[in-house]
Each structure stands twice: as C-alpha cells, then as structure tokens.
Amino acid sequence: MDTDTEVTVVGAGPTGLVAAAELARRGRRVRVLDGAPGAFPGPRGNGIQPRTLEVLDPLGVTDRLVALGTFGLPFRQYATDGAVRERDRHPGLDPTPDKPFARPMIIPQWRTTQVLRERLADFGAAVEQNARVVAVEQDRNGTTAVLADRRRVRSRYLVGADGGSSAVRRALGVGFLGETRDEVRMLLAEVELDGLDRDHWHQFDLVGAHGAGFLSLCPMPASPTWALGLRSPDPGWEADDATLHAVVDGIRPRVRLRRIGWSSTWRLNVRMADRFRVGRAFLAGDAAHVHSPAGGQGLNTGIQDAVNLGWKLAAVLDGAEEALLDTYEAERKPVAAEVLGLSSELSRYVLETGAIGYADRPAALARQGLQFDISYRADPGEPGLRPGDRAPDAPLGDTTLFLLRRRADWTVLAFDGTAEPVVGAQVLDADALDADGCLRRAYEPLPGERVLIRPDGHLGWRGTGAMPAIGTRSALGLPRVPADRQG
C-alpha cells in the first residue's frame, strides 16, 4: 500500500492534470491514476475561454497554449440557397489593459492535454495509465483508492476528476441530477479533409425531409485535423463513417474527406452532482457537472474547479485550517449551476438556429460565456470590485500585474504607501509601480487601502484595517458554510 502520497487524483483529462500540477508545483506529493491505456486522442473540448487562460498563467502553461492556439477565426456560413455569409464570431471583443485575453482560443483538447502532461512532468509527476479505480474507502486519516488489479493507493485526500461516468462519484454515493435526451444528438469527430481553406470556421446549412441541420468544420491550429460537428436534419440517421462521407463529400464537389479519427455521438446530457465533497474526497470537472458542448464551457469550468481546489488542498497540507476546504464546494457549486444553465441555453440556441458564432447569440450569453463575470463574492448586490471578484490585470511600466503575480501565490497591492511585509504573500508598492495610474483605475482603491489577491486570481480581501491571515476562510471574503454542507 502506498503511504507516501498526499493527494490521489483520479482521471488525467485537463481537470485532473491541472489539479495535480497545482499540487505538484507547490511541492505536494501527488499521484495521478487514469484507467485508459493512454491520453485521450479526440477533439472534445477545443475552446479555452479568456478567464481560463488567466487562471492557468501562474501554472506556467498559458504562453505555450497561446503559441499553439488561434484567436479570432472568422466564421463562414453557407446557406442552402447558395448564399455565403462571413463575419467576426466575437465582434467588439479586443484585449484591454485589464483583460489581456478577450476572445476564446481554439486549440484541440489533445494538445491542451499534451501541454499539461509536459508541465506536470516538469514538477516530477506523471500519469499512471491502465490504473482503473473501482472503489474508494475513507477513514478519519485518509482515503484509499482501490484499483481493478487490487492495488490500493493510500493518501490524505482524493480528487475525482474521472469524467461524467465517474467511478469515484458512484463510490462516494453522490447523486447526479439532471436530464438525458437521446433524441437531441450531434456527431462529433476529428477528421482530415481537402477542399476547404483553413482560415475560416466553416458551417454548411443542411435541409432534409424533416427540418434543418448543419455541418460545422473548424480547422485545428498546429494540426492537419478539423473538428467536425454534424446535426442531422433527419431522424434515424446513423452516426457512422458512411454517414460522414456522404454528408461531407456531398456538400461541395471539391471537398473530400480523407480520414476519420476519433468520433462520438453526443446526446443532450446535463447533470450536476448534489455534493462536490464527501469527507476527504472531492469531485471536479465532468465528474461533478456535465455540460452541452455549446459555448465551450465544460472544459473551462473543470479547469477552474481544479485551480480552486488545488491551491486550497496544498494550503491545508502546508498547515492552513481544514475549514478552508469547505469553501471549494461553497464557491464552485453555484458557479457550476450557473454555467450549466448557460451551456444548456446555448445548446438550445445552436440546435434550434444552427448559429455557432458569438455574433449570432444574445449579448448576455456571449458575455457570460467568456467567464469573466464569475465571482465568489458574498455580497452580489454591492457595486464595485469586491472580494470574490476577478482581479484585473494592469500594465506597470515594462511589466504587468499578471506577470508579477507569477512570483507568488498570494499578492498584496499596497495603496497605503507603506508596503509593509505580509507573511505568506508578496507585497507590491502600488505608488512605486503605478506611474501611469493603470492599477488605480482598475482597482479604484480608497485612501490607505490594501487589496489581497488569492492564488486563483480572485480578490480575497480589501480594506484599510488589519488584514486577515493568509490561508484562512476570512481571507476569502466568504460567509461561513452551513454545518450540514461541510464534508
């Protein structure tokens, strides 16, 4: 039995890899178990939202992901009457000093996974493949993951990031409420083809005997592949290679499908776990909530789960109060519920209208999809930048606040002119750094105020009085979690 592991992470998708890397980079002993023989090869989550790029930046992978991805791919729609319409998918979304990333980035999920695996290896950890977890046991001191080959992996905590059919969730007896509708489905695939330029995201409207559908073809950057999405206008269609060849090869004479890689039939399945924590075990990503693919919300919500949970587990292992872990569910479950509603609404909109680009969606949906507005604040009605909100960036001479935040988990912006040390945090003298006033415009501080930024890039506290100790619940700006919701 393994007695050296501090945290066992079950599942090696983006959520599990980020959770493991957040722990490993802080020196925690983590073990990643994955039941598959290798990394998932398909194109399931091909979009990274701007907010996700921000929260991944301290992990040291954002620059690499941006180099391999693409922003602002124009959308070209081919109507059944021969008309061709081209437009910007994200009109008016341009970087600003407080938001260095403004648009979703297209990158195949397998590439994101590759970058995260490489980063995990940099921290001395790796994924154990063919390690299928079939049961989870707990006691007062830790957890035990029981593998299909009868091995037992002991650790203080366990993170279930093993997807929508999570064995960890079932072992914990956690309910997974929601709906599945088999009649609402799409074929998703990774393909190679000839006959289309790679400078656009192409969509072909389809009309059948029973209504309208569409074929979406999006080129994947730094790859010869395309992400295909087929919503058939006819019932009873078969999601197989023959159907794909018939549809793709038939849309235009010069388009030819060369190769079909991974493919899967997506059915409307929207669900959320009724608990994200049971004792020393936690659920994250698809194990806790499954989304429609519309709007690219699932992968992004899972990664942000992992960042939120990762730093808190590391802090508790370093000696922070155990109650800090109660805030994971308190913060992430309401966010997951909100994003589930958003992705479901986007899914209905896409399936009913065939609209893929943000330009075709109501402005409120487009704004929500970028996930900048996600907040953990305890006082949602209060105006201004409050604890729980996203901490904005700001240019500071030849650097930026985000770049300076890479130095430490916790950052204090001192607008009081003292820059007094704070145990466990780096302190930035705003008066010395903010010659152009960008920081003050972004944060609008009161005279003599200090602002505390958490490891996940959310405000933890701001004020002119005594600052709470780093790593405590009071440093998060949250109300106390009711006793019946504690793990």
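The values are calculated or read from the model by the stated rules, or taken from the named source; none is laboratory data. Worth saying up front: this structure is predicted, and the values here are computed from it rather than measured. Reconstructed Cβ throughout: ideal geometry from the backbone, glycine too, with neighbour counts over all protein chains shown. Note: areas computed on protein heavy atoms with side chains; ligands, DNA, RNA excluded. Shrake-Rupley method; radii C 1.70, N 1.55, O 1.52, S 1.80 Å.
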Fill in: Identity of the residue in region 441-471, touching a helix residue (DSSP H, G or I) at 6+ places or on another chain (Cβ under 7 Å) and open to solvent by 30 Å² or more (accessible area, probe 1.4 Å), that ends up modelled with the highest pLDDT
Trp461
Fill in: Filter result for the condition that a residue is touching a Lys or Arg at 6+ places or on another chain (Cβ under 6 Å) and not in a strand (DSSP E or B), over Leu116, Leu93
Leu93
Response to the item:
Of the residues in region 64-90, those that are of a type outside the set (Lys, Arg), in contact with a helix residue (DSSP H, G or I) (Cβ under 8 Å, 6 or more places away or on another chain) and assigned to a strand (DSSP E or B) come to Phe75, Tyr78
Response to the item:
Residues of region 40-82 being among the hydroxyl-bearing types (Ser, Thr, Tyr) and open to solvent by 10 Å² or more (accessible area, probe 1.4 Å), in sequence order, are Thr70, Tyr78, Thr80
Worksheet item: In region 198-230, which residues are over 21 Å from His245 (Cβ atoms) and open to solvent by 50 Å² or more (accessible area, probe 1.4 Å)?
Response: Asp199, His210, Ala212, Ala222
Discussion item. I'd like to check something: does region 280-295 contain any residue that is open to solvent by 30 Å² or more (accessible area, probe 1.4 Å), at pLDDT 90 or above, more than 30 Å from Arg31 (Cβ to Cβ) and not in a helix (DSSP H, G or I)?
Written reply: no
Discussion item. Every residue in region 296-311 that is over 20 Å from Arg154 (Cα atoms) and open to solvent by less than 20 Å² (accessible area, probe 1.4 Å), please.
Written reply: Gln297, Gly298, Asn300, Thr301, Gly302, Ile303, Gln304, Asp305, Ala306, Val307, Asn308, Trp311
Worksheet, complete the sentence: Per the filter on region 146-169, residues aliphatic (A, V, I, L, M) and without any contact (Cβ under 8 Å) to a residue 24 or more places away in the chain are Val146
Discussion item. Within region 410-424, take every residue that is of a type outside the set (S, T, N, Q) and buried (at least 20 other Cβ atoms within 10 Å of the Cβ) and give me the one that is farthest from Ala442 (Cα to Cα).
Written reply: Trp410
Fill in: So Val30, is it open to solvent by less than 20 Å² (accessible area, probe 1.4 Å) and modelled with pLDDT of 95 or more
no
Worksheet item: Is one or more of the residues making up region 86-98 touching a residue at least 60 places away in the same chain (Cβ under 8 Å) and more than 30 Å from Ala394 (Cβ to Cβ)?
Response: yes
Worksheet item: Which of the following residues is in contact (Cβ under 8 Å) with a residue 24 or more places away in the chain, over 22 Å from Thr5 (Cα atoms) and surrounded by fewer than 16 Cβ atoms within 10 Å (Cβ to Cβ): Gln129, Gln114?
Response: Gln114
Discussion item. Which count do you get for residues in region 389-427 that are assigned to a helix (DSSP H, G or I) and in contact (Cβ under 8 Å) with a residue 60 or more places away in the chain?
Written reply: 2
